[in-house]
1. Residue by residue, what Karplus-based ³J(HN,Hα) values in Hz, rounded to whole numbers, does segment 271-281 have, using 6.51, -1.76 and 1.60 with θ = phi - 60° and x for Gly and Pro?
2. Under 15 Å from the Cβ of GLY332, count the other residues' Cβ atoms, weight Lys and Arg +1, Asp and Glu -1, and hand me the total.
3. Provide the net charge surrounding TYR541, with neighbours chosen by a C-beta distance below 15 Å and charges set as Lys +1, Arg +1, Asp -1, Glu -1.
4. Name the shape class, rounded, prolate or oblate, that the alpha-carbon gyration tensor gives for segment 467-605, where a ≥ b ≥ c are the square roots of its eigenvalues, rounded holds for a/c under 1.5, and otherwise prolate holds if a/b is larger than b/c and oblate otherwise.
5. Local charge sum around GLY769 (other residues, Cβ-Cβ under 15 Å, Lys/Arg +1, Asp/Glu -1)?
6. Rank by packing, highest mean first: peptides 180-187, 478-485, with packing defined as the count of other Cβ atoms within 10 Å averaged across residues.
7. Computed over the Cα atoms of segment 113-236, what is the ratio Rg over Rh, Rh following Kirkwood?
8. Residue by residue through segment 637-643, what is 3J(HN,Hα) from phi via Karplus (6.51 cos²θ - 1.76 cosθ + 1.60, θ = phi - 60°)? Round to whole Hz and write x for glycine and proline.
Amino acid sequence: MSLRMPLHVHAHVSVYMPLRPTTTLRLPRQFSTKARIGVQHSIAPAIPSRRRSLTSKTSRPHPPPPFSTVSTCPSPTCGCADTPAMPDGLEIDRENPLNGVMAGYAEHVVVCTGKDDWMSKIEDENSGDNLAADLKELFGRGGKYTDPFHHISVINSSFPSSVPPRKEIQSTSVYLLPSFKYVPFLPRVSFDSVKALAKGFLLPEKLHPAHAGLSPVHRDRLTRKEAFQGLLPGVQDVKDILVLICGHGGRDMRCGAMGPVLRDEFEDKLERQGFNVASEAVQIGSLDGNLEIEGSSNDKVARVGLISHIGGHKFAGNVIIYIPPGHTTAGGEKHPLAGYGIWYGRVEPKHVEGIVGETVMGGRVVQDKFRGGIDAHRRILRLAFSTTTRTTSPSARCLRQYSTASQSQSHSRPVKKSRKIPIFITTAILGGTIYYFSSPSKPTLLNSETFIPYTITSREAISPTSFIFTISPHTPNPSLPYLTPSTSSWRYPLWSVEFKQPQVQIARHYTPLPPQSSEDPADGSLRFYVRAIGGGEMSTYLSRLGVGHDVWLRGPHVGFDVTARLGAMDNVVFLAGGTGVVPAMQVAKAVLEKNPDAQVNLLWAVRKREELQRVSSSPVRRPSWWQFWVTNSSEPVELHSQLQDPSPIAKQLRDMKTTYGQRLRIQVAIDEEQTQFREADLQNAVSGAQDRRLLANRSLTGSGCRLHDSALLESTSEFETPAGSDDCKCGHGAGKNLFMVSGPDGFIAHYAGPKRWLGGQQVQGPVGGVAAQLQRRYPKLADDWLVLKL
């Protein structure tokens, strides 16, 4: 149970232990039954279980506060970033109190992932193969070590993990707070290291008295065993200031927008105060336990990272500052908040300088941003307010609030009621008139700033988990931002829109299917190919919606200008996994319609044949599956224009094949039939394009060119403005062939290397995977081809 005290004039700080699950308040008998019930409902969530005097007198003073406070952040004295705009309909809650709005916990396990954002449920990352999932299996609901009096909170962070001594072994690092321990190496080769972490560091040293009735065996299982600590090498004490900022855009766009901006701001303001702000992975030079974390000696070191959901997204930005136990002030004295974790909410860039100055440097808590905290003894901190300037007892105040809410039981005198009502009516009418004439109407046309309602008008099932649905705008408008006005054709070769999931306040990009020959793009309808993924918040949400339901869109968001990058070259090889075939279809249509000499080789990997053909359960029809396919072997097969019983998505591919003929080649690999695209298949696709047009005398390095420099491309996002006439520095007619990959993260990483996070956005990163192997084997490919990851 959390405590929320009414705000008074003079504030003092008290420390509260986590409360029992229920708290009962006894009231004097002079209250009626109704009044007693009213007071219980009003007070029980807000006041500790102790008696208060009902007479009008000053309450007893609180114990001396464990730390100093300031009422608010001082105004910034230097430049700071602007507060980012929040997504439409996702405003920051600036009304409800912050104090006490945090979940109690005994330990934060901060997992170092090296990523800036994650799926809505972090345990679903990498198909469930991750440390957060392992720990939640042990400490989550129904877990083996679950203890309601010793809650373990597991969060992901953007901090990179330390490199293990054997680099070929995948390992994960964690911070344990407020234990202020750093565990550098948790090998992902067995569950033993996870159990050692749990038994050696996370279980309580002493059980809560409520567990006294458990059997000795059960009590022993829930108690820490120091012997397990020796199984994890290199564990170190943390001596760096840690600033954790919620940036979990995969769960709520408010934190996704605010987190990266606050990270930059904290790094800047900490450096101004003389801190060495470390961003690299923690270096562990020895495993004998004698060396400390690099940079953690007498130097002032701070680390600022983004973290996953901690609750209270509506109070973004959310910040936790952990100050290590041995930290000292500039004068060499022990820091007043040493060993503490301080939670703040509603933090904006303009507040960062003040928080660094007051909390990190001065050891003072900023009251109006304070959500709560934890000390070195794992006691949860709240602000408790005295009533030294008001004489009304809390009980009487709560009683009046209850009576006001229950108007039928109120007997207050209607003082000057005849005046108040006309004034109120006049004010309401005047205010409504002003609003009518001054308030701008909400936009009804698709745009990149606000979410616009569309209605689902049709839905076609492809498989039990995938479907195509069509949506239409509430307000049709032929002047759509993604259309060329003169022809009503698509303006961009590659673009997407965002869908909003209103229940968990997240948004995801989806790429619309190119219009079919029978469709008129000017009517504003859009079609999407979606596959519901287990644990995927957005795809699962969309899969539940039927015809007639509304969805909310924002866009268009323009992707790579593929035609500008292709330039005078003719060849595109596009490797697509699952629904990643949709951007491939966009690119194929744009390239083939613009350049009559262009050729596109589309390699599509699917899980099951039903993504291609409507599969009958009747065994007599099984041979017809192979009637129009080239081979019965385990090699990928070619999609011909005569494909029978195509699924809705395959039908559109078949129609495109009919339209473009030999210029569009489509190969399909079906996972359940043990076919996949191997390095040889990619080599054949690329070398076939090379043979078609000899490029030996047209090698283009693209050095310094935004469109064609592979090195610059590594730090480029897939979302960009359309290329201008002066963007290419390579000269007229220059270009490069394109090798493009689209699909799930693991699919992209396998064939082209993973994307990276840089400056709060996802960028291309270096070429890796199968594509890098081909480049090493055939160096000329790196000069003639650009690798683009979607």
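1. In residue order, the calculated couplings are 4, 5, 8, x, 7, 8, 8, 8, 10, 7, 5 Hz.
2. 0
3. Values: positive: LYS121, ARG251, ARG459, LYS500, ARG508, ARG531, ARG544; negative: ASP124, ASP252, GLU498, GLU537, ASP550.
Net of charged neighbours comes to +2.
4. Values: a/c = 2.14, a/b = 1.39, b/c = 1.54.
Here segment 467-605 falls in the oblate category.
5. Numbers: positive: ARG678, LYS755, ARG756, ARG776, ARG777, LYS789; negative: GLU679, ASP681, GLU714, ASP745.
Within the 15 Å Cβ shell, the charges total +2.
6. Working: 180-187: 21.9, 478-485: 14.4.
Highest to lowest by the protection proxy: 180-187, 478-485.
7. On the way: Rg = 15.0 Å, Rh = 15.4 Å.
Rg/Rh: 0.97.
8. Going residue by residue, I get 10, 9, 8, 9, 6, 8, 3 Hz, with x marking Gly and Pro.
Readers should treat all values here as calculations from the given coordinates under stated rules, not as data from a laboratory. Values in this document were obtained by computation on a predicted structure and should not be read as measured data. For neighbour counting, all protein chains shown are included, and Cβ atoms are generated from backbone atoms with ideal geometry for every residue, glycine included.
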